[in-house]
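Every number here is computed from the coordinates shown, using simple stated rules; none is lab data. Note that this is a predicted model, so its numbers are computed, not measured. Don't worry about glycine lacking a Cβ; one is built from the backbone with ideal geometry, like all the others, and counts go over all protein chains shown.
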Amino acid sequence: MNTKKQVLPIIVFSQFTGTSLWFVGNAVLPELKMALGLSQYAVSLVTTAVMLGFVTGTLTVALLSIPDRFSPVKVFFLSSLAGALVNASVAWLARDAFSLFIMRFFVGFFLAGIYPVGMKIAGDWFDAKLGRAMGFLLGALILGTAFPHLLRNQDFRLPWRTVLYTTSVLAVLGGLLMLAKVGDGPYRKKSGAFQWSAIPQIFSSKPWRQAASGYFGHMWELYTFWGFVPVMLGYYASARQVPLNVPLLSFGIIAIGVISSIAGGFAAQRIGSDKVATACLAASGLLALSSPLWYSLPPVAFLSLLFAWGFFVNPDSPQFSTLVSFLSPPELRGTALAIYNAIGFSIATCSLLVFDRLFHLQGPLGGHHAFAWLALGALAGVPPMLSLIRRYRNPNT
């Protein structure tokens with residue numbers, strides 16, 4: 001019989017392999033630009049396609065109550081299989097920007113059956129310690145996000161098609177392990193179908209709005225940061241004429257969030273998810289605000305600050321999810337989490353489109369100066385979270 005100690009590593013590994021499909025397009029972007037003749041806005045093209053697919057997928061999954069009506073581990077496996085097939089098909093079917101967009105859109109669509117369903121599986125196995133388990137799961141997402149960059153670094157230098165095939169094979173393996181080794185958890189129960197009519201009731205809760213506002217600010221920053229890490233490194237290397245291993249450094253800057261997210265999960269058990277989320281959101285916002293000044297610094301200082309940003313930009317995400325779950329009416333939790341994710345990823349998509357355009361502007365708003373505007377997420381999210389801390393006792397402590 002499976003125990004919590006046995007299933008958590010499998011859930012984490014499967015989440016890692018499945019979410020490695022997310023940013024593989026960014027890791028092989030230079031080759032895709034050459035092969036398909038993509039424009040200078042290729043970063044937002046590739047990344048927003050996945051995000052729009054994910055938003056569509058999460059709403060579809062929620063509207064049909066798929067993880068409630070069917071076994072979540074089976075949903076996870078089928079989504080991993082479908083996502084892997086679409087991801088691999090880019091290598092032989094993509095012919096131009098439009099076909100690439102469609103394929104990455106469907107990768108995002110099937111990720112809706114991997115990332116949030118993986119969180120549900122964890123919730124079915126872990127109840128009182130959900131905040132800590134969420135920390136491990138986000139760590140898996142971060143490692144999956146960073147992994148394609150590791151495959152592209154100069155020590156491996158795998159061909160771009162091989163990177164696509166490798167991540168697809170790993171996603172199938174993770175789905176198989178989830179299906180074979182992790183069953184339905186002891187706390188599995190129907191969390192409530194999506195209800196459009198319930199949205200006003202959900203938003204009428206001030207504590208829920210405050211926690212959701214913090215998450216929305218966080219999402220303005222997170223995926224744009226992840227998507228543009230290689231661009232930041234490449235810009236600095238070009239401007240300063242410094243040789244940098246951009247893929248390896250991109251992997252490290254994103255992957256350091258694994259450590260901080262797991263640590264944040266343990267810290268949340270002691271001081272509360274609200275305090276952990278607020279502190280990390282504020283710290284990453286300050287780093288974003290100061291980032292235009294970094295490009296005149298020596299390489300060691302520049303990279304240290306970028307690693308610090310990678311450390312603080314991540315740990316608030318699982319704690320916001322924990323807060324929103326706790327603060328939702330139990331009978332409307334499925335609806336609350338679905339709308340929360342849909343709005344958050346829609347904000348992330350808008351952020352990517354805005355910053356890709358800002359980055360390519362000439363003048364004081366463009367280039368490396370653009371990343372200071374990511375601090376708007378913290379500016380919008382920290383004040384309501386401070387109010388939540390003052391007035392509400394966090395149930396996760």
Alpha-carbon centroid distance for the pair the range 81-113 / the range 225-264, whole angstrom: 25 Å
Distance cut-off 42 Å, percentage of C-alpha pairs in the chain lying past it: 7 percent
Sorted by Cβ density within 10 Å, fewest first, the residues Cys280, Cys350: Cys350, Cys280
Cα-Cα P(r), the range 54-147, percent of pairs per 5 Å interval: 3, 13, 20, 21, 20, 12, 6, 3, 1, 0
Hypothetical label at Glu31: residues of the range 64-102 whose amide nitrogen lies under 18 Å (7 Å Cα-Cβ projection): 84-97, 100-101
Other-chain or far-sequence residues with amide H under 5 Å of His360's (modelled H): Gly367
Cα Rg over Rh - the range 291-369, Kirkwood: 1.14
Residue order, fewest to most surrounding Cβ atoms within 10 angstrom, among Phe101, Phe266, Phe77: Phe266, Phe101, Phe77
Cβ-based exposure ranking for Phe110, Phe105, Phe23, Phe307, in which fewest neighbours within 10 Å come first: Phe307, Phe105, Phe110, Phe23
Mean Kyte hydropathy of 1.6 or more with a Cα span along the axis of at least 15 Å, helices from DSSP in the chain: 42-63, 97-111, 246-271, 299-312
Percentage relative contact order, the chain, counting C-alpha pairs under 8 Å, at least six apart: 25 percent
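Lysine pairs, Cα distance under 12 Å, 8 or more residues apart or cross-chain: how many in the chain?
Close lysine pairs found across the chain: 5.
Sorted by mean Cβ packing within 10 Å, highest first, what order do the peptides 9-17, 285-293 take?
In descending order of packing, they fall as 9-17, 285-293.
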Residue among Asn314, Ala146, Phe23 farthest towards the positive dipole end of the chain, charges placed on Cβ: Asn314
Most to least packed among 336-347, 57-68 [average Cβ atoms within 10 Å]: 336-347, 57-68
Distance (nanometres) between label positions extended 7 Å along Cα→Cβ at Trp92 and Ser39: 3.1 nm
Helix-only mean residue ellipticity at 222 nm for the chain, each DSSP H run of n ≥ 4 adding -39500 (n - 2.57), per residue, nearest 500: -25000 deg cm²/dmol
Loop trypsin sites (Lys or Arg not before Pro), the range 288-397, which have at most 11 other Cβ atoms in a 10 Å radius of their Cβ (DSSP): Arg393
Global geometry of the range 1-79, whether rounded, prolate or oblate, following the gyration tensor of its Cα atoms and the 1.5 cut on a/c: oblate
Arg69/Ser346 FRET efficiency (R0 25 Å; Cβ-Cβ; nearest 0.05): 0.50
